Amino acid sequence: MVDALPGGTLGQLILLSETDALPGATTTWLVGNEETEHAYVLGGDGALSATVVETLEGILGGR
């Protein structure tokens, strides 16, 4: 399991989320940045719910 803080060593932008919902500001940023094609979800089921992962897939899918 990888925590978000050491996840910064991946050399990528880190976007934090609440467990059960992607914050509005994060959603807006992802929608507005077409060059963002994928996301690494760190922390497992205890960090993010399936709803958040599905929201990310919906935003980034097809890019």
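Structure data summary
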read-out	value
Lone unmet requirement of (1) in a loop (DSSP other than H, G, I, E, B); (2) at pLDDT 80 or above; (3) open to solvent by 70 Å² or more (accessible area, probe 1.4 Å) for Met1	(2)
Yes/no for Gly58 being part of a helix (DSSP H, G or I), modelled with pLDDT of 90 or more, out of contact with any Asp or Glu (no Cβ under 9 Å at 6 or more places or on another chain) and small (Gly, Ala, Ser)	yes
Any hit, region 9-20, residues being surrounded by 12 or more Cβ atoms within 10 Å (Cβ to Cβ), modelled with pLDDT of 90 or more, in contact with a helix residue (DSSP H, G or I) (Cβ under 6 Å, 6 or more places away or on another chain) and among the β-branched types (Val, Ile, Thr)	no
Those residues of region 15-40 which are assigned to a loop (DSSP other than H, G, I, E, B), out of contact with any Phe, Trp or Tyr (no Cβ under 9 Å at 6 or more places or on another chain) and under 17 Å from Arg63 (Cα atoms), in sequence order	Asn33, Glu34, Glu35, Glu37, His38, Ala39, Tyr40
Qualifying residue in region 38-49 (condition: at pLDDT 90 or above, open to solvent by 40 Å² or more (accessible area, probe 1.4 Å) and among the acidic types (Asp, Glu))	no
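The values are calculated or read from the model by the stated rules, or taken from the named source; none is laboratory data. Just so we're clear, the structure is a prediction, and the values are computed from it rather than from any experiment. Positions of Cβ are backbone-derived with ideal geometry, glycine not excepted, and every protein chain shown enters the neighbour counts. Surface accessibility is based on the protein's heavy atoms, side chains included, excluding ligands, DNA and RNA. Shrake-Rupley method; radii C 1.70, N 1.55, O 1.52, S 1.80 Å.
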